[in-house]
Every structure is written in C-alpha cells, then in structure tokens.
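Chemist: Encoded as structure tokens, here's the structure I'll be asking about.
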Amino acid sequence: MTSIQYTVGSIQTPAHTTLKIYNVRGQLVRTLVDEPKTAGNYEVIWDGKDDHGSEVASGIYLCKLQVKDKSQSKKMLLIK
C-alpha cells in the first residue's frame, strides 16, 4: 500500500477532482478519486490493485491528478 498526498488549490467552490493511476502504456489501472473537492490537502491510499480488485504487477505507474482543467502527473514505482 502507498499513501498519495495531494493538494487542491485555492478555489472558491468545490471543483471536480480526479486522481487516477495509469500503467506505462497509458492504460487506466485505478480511479482513486472522482468527486468534487474544496481547497485543501488530501490523502488517499492505493493498495496496489486495479479497478477490478486484482493486484497489479511491480513496475512504473503514473499518478495523474486533475482539478477542473488543470492536471499534474507523477511517476511512481510499485515494488512488491
């Protein structure tokens, strides 16, 4: 399991926020967040499983945070 911390910037009203995990081929592995969020700091846990509950292989994954029309991606290394 890994903890992913993220920040939603200073917005006045809740903004639709998604946090998704992709493999290196660009295929969606898991959606961790898909809901409106207000400004603040958040944390979500990824248990190393895909959206179907199956464990994924060790390797490099991309974590993509999108808030409204802005997005940011980070590489992650999953080691089992």
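Chemist: Report the gain in length on full extension from Y22 to D34: 0.36 nm times residue separation, minus Cα-Cα distance, nm rounded to one decimal.
Modeler: On the way: separation 12, 0.36 × 12 = 4.32 nm, distance 1.48 nm.
So the extension gain works out to 2.8 nm.
Chemist: Moving on to the next point. Would you mind computing the Rg to Rh ratio of the range 2-78 from its alpha-carbon coordinates, Kirkwood style for Rh?
Modeler: Values: Rg = 12.6 Å, Rh = 12.9 Å.
Rounded to two decimals, Rg/Rh equals 0.98.
Chemist: Any chance you could count the Lys pairs in the chain whose alpha carbons are under 22 Å apart, treating pairs 8 or more apart or on different chains as valid?
Modeler: Lysine pairs meeting the criterion: 19.
Chemist: If you average the sequence gap of Cα pairs under 8 Å that are 6 or more apart and divide by the length of the chain, what percent do you get for the contact order?
Modeler: Numbers: 163 pairs, mean separation 26.5, N = 80.
Contact order relative to length: 33 percent.
Bear in mind these aren't lab numbers, they're just calculated from the coordinates by the rules spelled out. Keep in mind the model is a prediction, meaning the values are calculated, not measured.
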